[in-house]
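Undergrad: Below: one structure in structure tokens.
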């Protein structure tokens with residue numbers, strides 16, 4: 001059989017084109033290797049199904065964030081204000097995520113990889129809406145738009161379900177605090193993520209004072225004294241022996257919500273978080289107010 005050389009070469013070329021086309025169709029684009037210097041951005045990436053390769057203060061994640069869980073393989077870059085640049089460079093990220101809080105390091109970071117600043121907590125912004133915007137931005141960067149849309153639907157449905165559940169109850173205003181020691185606490189109010197969630201749930205914040213753009217003020221425990229019917233929620237982690245020390249304090253024992261047994265300790269939620277933290281807080285607070293854990297106690301943590 002005589003093989004036409006021109007036909008043979010044409011067949012080989014056609015086969016090569018077909019193989020290249022098949023590879024282009026089957027082989028996905030390389031996964032974007034992201035390093036994050038912010039917990040809120042990382043929890044958003046995790047929710048989208050695109051974990052970062054590295055995170056600052058990764059070792060403290062389970063103390064402050066808890067959920068979503070940080071995969072064991074995520075490298076720890078050290079403090080967010082003192083990044084381990086050598087380790088970061090060895091990881092060869094494609095993108096480094098920052099916020100205004102760590103902006104002073106961006107010049108050095110940009111020598112390693114492109115930097116994108118995505119700040120949720122800014123003067124004059126609603127953190128819940130800003131967290132939505134950031135979620136959409138990260139979804140675009142990672143090609144996870146479908147995951148973002150599904151999560152948005154889930155969080156809106158959860159907020160609505162929590163609000164309906166709480167609307168059937170007669171609820172007192174609430175204090176939301178993170179104790180710094182036995183004399184001082186961060187109290188959360190306007191401008192913060194927790195306030196945005198309270199508004200969605202229809203729960204009244206008892207604290208009406210000024211806050212910074214992170215949504216908190218630092219106050220003395222005596223500031224919490226009030227004649228109103230108030231329930232106090234304190235977030236873990238608590239300083240060691242805090243409750244035992246407060247329990248022995250005459251000032252603490254005379255506070256109205258302590259005398260009424262209206263003190264509850266909630267598991268950690270990221271006070272400066274994004275949508276996953278907002279969702280976690282909404283579910284924990286609703287369960288505490290409406291479920292068995294929301295029943296009055298004796299002033300000790302519920």
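Undergrad: At least 1 residues that are crowded, with 22+ Cβ neighbours inside 10 Å in each: list the helices (runs of 4 or more DSSP H) lying fully within region 231-278 that qualify.
TA: Values: elements: 242-247, 250-254, 256-259.
The helices (runs of 4 or more DSSP H) meeting that bar are 242-247, 256-259.
Undergrad: Also, I was wondering about something else. Residues 108, 160: which one is under 21 Å from the mean Cα position of the chain (by Cα) and either under 24 Å from residue 202 (Cα atoms) or outside any strand (DSSP E or B) (or both)? Give the steps one after another, and end with the answer.
TA: Working: 108 fails: under 21 Å from the mean Cα position of the chain (by Cα).
Sole residue among the options that is under 21 Å from the mean Cα position of the chain (by Cα) and either under 24 Å from residue 202 (Cα atoms) or outside any strand (DSSP E or B) (or both): 160.
Undergrad: Since residue 178 meets every condition but one in (1) in contact with a helix residue (DSSP H, G or I) (Cβ under 6 Å, 6 or more places away or on another chain); (2) part of a strand (DSSP E or B), which condition does it not meet?
TA: (1)
Undergrad: If we keep just the residues of region 75-103 that are touching a helix residue (DSSP H, G or I) at 6+ places or on another chain (Cβ under 8 Å), under 21 Å from residue 134 (Cα atoms) and not in a strand (DSSP E or B), which is modelled with the highest pLDDT?
TA: For region 75-103, the residue satisfying everything is 99.
Undergrad: Would a scan of region 213-221 turn up a residue that is closer than 18 Å to residue 197 by Cα and modelled with pLDDT under 90?
TA: Yes: region 213-221 contains one or more residues that are closer than 18 Å to residue 197 by Cα and modelled with pLDDT under 90.
Undergrad: I've got another one for you. Quick one: count up the residues across region 142-173 that are under 20 Å from residue 233 (Cα atoms) and touching a residue at least 60 places away in the same chain (Cβ under 8 Å).
TA: 7
The values are calculated or read from the model by the stated rules, or taken from the named source; none is laboratory data. Predicted model only: the values in this text are computed from it and were never measured. Methodologically, a virtual Cβ is constructed for each residue, glycine included, from the backbone with ideal geometry; neighbour enumeration extends over all protein chains shown.
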